[in-house]
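Only one structure is covered here, and it is reproduced in the block below.
Throughout, read-outs are computed from the coordinates displayed, never taken from laboratory work. Predicted, not measured: the structure shown is a model, and the values here were computed from it. Every residue, glycine among them, receives a Cβ derived from its backbone with ideal geometry; neighbour counts consider all protein chains shown.
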Amino acid sequence: MSFEKITEQESRYNNLEKMSLKEVLTSINKEDKTVPLAIERIIPQIEKLVEAIVDKMLSGGRLFYIGAGTSGRLGIVDASECPPTFGIPYGLVIGVIAGGEKAITNAVEFAEDSEENGWQDLQSYGVTDKDCVIGIAASGTTPYVISALKECKTNKIITGCITNNPGSPLSNVADFAIEVEVGPEFITGSTRMKSGTSQKLVLNMLSTSIMLQLGRVEGNKMVHMQLTNEKLVDRGVKMVMEQLKLDDYNKAKELLLQFGTVKKTVERHAQY
């Protein structure tokens, strides 16, 4: 069944090379402003996917993102930021990209066209029906992603997708389809632009709301964050000072470094 690829439609702008620099920047910004509004319309669908993922993760499951090119890279970025931000173990949220690690920084020719490698790459992590898999593809036609989700369905693994073309083959195989209609790109077909921006925003919403449901944030603070640099240590010290009503920065820092996270520091200090 054919469908219209909105992501491949002609740009609303033409003669881009003849635009002034200000016109280019203003036009890109104008298009970008439409992305959050497109996402706003599908929040109910995002909510349903989050609920399904949380249920699985509370039962010991993992979350996988799988994609190719820009979509795959965005999934890897979101997955890689979850452990330091929320203090979860590495391997609980996993990003998988067509072409492997090399594809994170370099295009791997025809990697997205494989109908076998997607499922094989998921199997290398021992994916099971305890897990959830989200396929990311602006076009919704990427064979690597579609075939992986088909195999997931065969193996009773819950799936979601993030795409920018409604009614795509990817949407049709996913249990929970997130379809963000952002319209034609500023440069015709350049889905790293609005489509990529929409995927990043949706991924932010997914991982943040999931981690909130899993208790990895208290108040509005990242109380489980890893202390991987001085900026984060300083942030943690200030959080400890606030929660324990301490005026001594050095004492708060000593306690934080002793116990490792803001959460543990506050809990242990309360025991004394």
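Restricting the GluC sites (Glu not before Pro) of the range 5-46 to loop positions (DSSP other than H, G, I, E, B) with no more than 13 neighbouring Cβ atoms within 10 Å leaves 10. Computed from Cα positions, the angle between helix 262-271 and the longest principal axis of the chain comes to roughly 30 degrees. Remark: relative contact order (the chain) = 22 percent; criterion is Cα-Cα distance under 8 angstrom and separation of 6 or more residues. Nearest 10 degrees, 0 to 90: what angle lies between the long axis of helix 21-32 and the longest principal axis of the chain (Cα atoms)? So the helix axis and the longest Cα principal axis differ by about 80 degrees. For the range 6-213, the number of Lys pairs separated by eight or more positions or lying on different chains, with C-alpha atoms closer than 15 Å, is 9. Under the criterion of Cα pairs below 8 Å and six or more residues apart, the relative contact order for the range 230-271 equals 36 percent. With neighbour counts taken as other beta-carbon atoms within 10 Å, the residues 43, 136 rank, fewest first, as 43, 136. Listed by Cβ neighbour count within 10 Å, with the fewest neighbours leading, 124, 195 appear as 124, 195. Compute the angle between helix 69-86 and the longest alpha-carbon principal axis of the chain, please, reported from 0 to 90 degrees and rounded to the nearest 10. So the inclination is approximately 10 degrees.
For the range 124-170, trypsin sites (Lys or Arg not before Pro) are listed when DSSP marks them as loop and at most 14 other Cβ atoms sit within 10 Å of their Cβ; the list is 130, 156. DSSP beta bridges confined to the chain are antiparallel in about 5 percent of cases. With the Cα gyration tensor of the range 230-271 giving a ≥ b ≥ c as the square roots of its eigenvalues, does the rule (a/c under 1.5 for rounded; else a/b larger than b/c for prolate; else oblate) give rounded, prolate or oblate? Oblate is the answer for the range 230-271, as a/c is 1.5 or above yet b/c matches or exceeds a/b.
Among 168, 147, 190, the residue with the largest mean-square fluctuation in a Gaussian network model of the chain, with springs joining Cα atoms closer than 10 Å, is 190.
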